[in-house]
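These notes concern the structure reproduced below.
The values are calculated or read from the model by the stated rules, or taken from the named source; none is laboratory data. Here the structure is a predicted model, which means the values were calculated and not measured. Note that we place each Cβ from the backbone using ideal geometry, even for glycine, and neighbour counts take in every protein chain shown. Just so you know, the surface numbers come from the protein's heavy atoms only, side chains and all, with ligands and any DNA or RNA stripped out. Shrake-Rupley method; radii C 1.70, N 1.55, O 1.52, S 1.80 Å.
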Amino acid sequence: MSKSRLDPIAPGTRPELAELEGKIIRKRGKITPLYQYLLNSPVMAEGWEEFLSAVRQRNSLPADLRELVILRVAALNQAPYEFEAHIEHAKKAGVPDHKIDAAKEASISPVFTDHEQLVLQLTDTMTRQIEVPDALFNKIAAHYAGKELLDLCITIGAYNMVSRVLVALHIGH
């Protein structure tokens, strides 16, 4: 494991962060190691908390599908901290262990339902190529429209942001 490129901020060590730390604790129950790094930029930590809480907790996607997307993004981007952090969420959402393991495979496993495979294909495309070909988008649009379509794309994009920050800063590596 390589050393993180950013020093974490120990909770309770900076009086100017007390209010923000309290808010994070109220929402998350504790200040996780990730938030100790995010506290280096209080504005970013607060925005991160608000945005990613909306993506995870106020999303129109079924929780199991949302967590599969997050696991897949983490696996594709080689972000073990993100992957490990979402195993518990995936299990709570009803994702079986064999699908959690399959999310790590290089190609999309046939253990996933046809619908899950389609969503994971979008996840792979948005993560690896960014541009989504019309043929794939049209398949997705046959299942999702409006809020659900936006929530799906934002979930994929948001967790690509998460993994890219984690990987760049060697958080959890």
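Odds and ends about this structure:
- List Glu131, Glu116, Glu84, Glu50, ordered by accessible area with a 1.4 Å probe, largest first: Glu131, Glu84, Glu50, Glu116
- Annotation for the range 1-71: chymotrypsin sites (Phe, Trp or Tyr not before Pro) lying in DSSP loop with at most 13 further Cβ atoms inside 10 Å of their Cβ do not exist.
- Within straight-line cross-link reach of Lys23, aspartates and glutamates at Cα separation under 18 Å, skipping those fewer than 8 residues along the same chain: Glu46, Glu49, Glu50
- Of the accessible area of the range 58-158, computed with a 1.4 Å probe over protein heavy atoms only, carbon and sulfur atoms account for 55 percent.
- Most fluctuating residue given options Val95, Val111, Val55, as computed from a GNM of the chain linking Cα atoms under 10 Å: Val111
- In this calculation the C-beta distance from Gln129 to Ser41 is compared with R0 = 22 Å, giving a FRET efficiency of 0.15.
- Gyration tensor over alpha-carbon atoms, the range 100-148, equivalent ellipsoid semi-axes in Å: 19, 13, 9
- Debye intensity ratio I(q)/I(0), log10, the chain, q values 0.15, 0.18 Å⁻¹ (C-alpha model): -0.87, -1.17
- Sites Leu136 and Gln78 - FRET efficiency at Förster radius 30 Å, r taken between beta-carbons, to 0.05: 0.80
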